[in-house]
Amino acid sequence: MVNMLKKTILLIALSVIAASLVSYGLAVVYMQNSDFNLSVHGHIAAGLAIFFTYALGAALMTLLFFSNKHGHDAEVHFIFSEKNTASPKDGDADGEEQKQ
């Protein structure tokens, strides 16, 4: 089980790196063809921004699947379904009547 988890994490990390490199390569090709000059610091910033965007997306999707697999979403839904969440009939969220 632990070995499978390590393989999955490695696969996700490699996928993020590969997607980042492809995106960065496409951005460099686009910039060269459009007479758009970027300094070395700009290239570093663009590469890091692309990498961390993909990494954040992968991390959030991993948390989403983890939460769904372990039933955390069902627990929250159960808690909120027990509470009386009905809003006032003739008012807004604060319970005050709307003026027309």
Extension reserve of the THR62-ASN37 stretch, reckoned as 0.36 nm per residue once the Cα distance is removed:
5.4 nm
Largest to smallest principal axis extent of the C-alpha atoms in region 2-82, angstrom:
60, 34, 19
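Bear in mind that the values in this text are calculations on the coordinates, not laboratory data. This structure is a prediction, so every number in the text was calculated from the model and none was measured.
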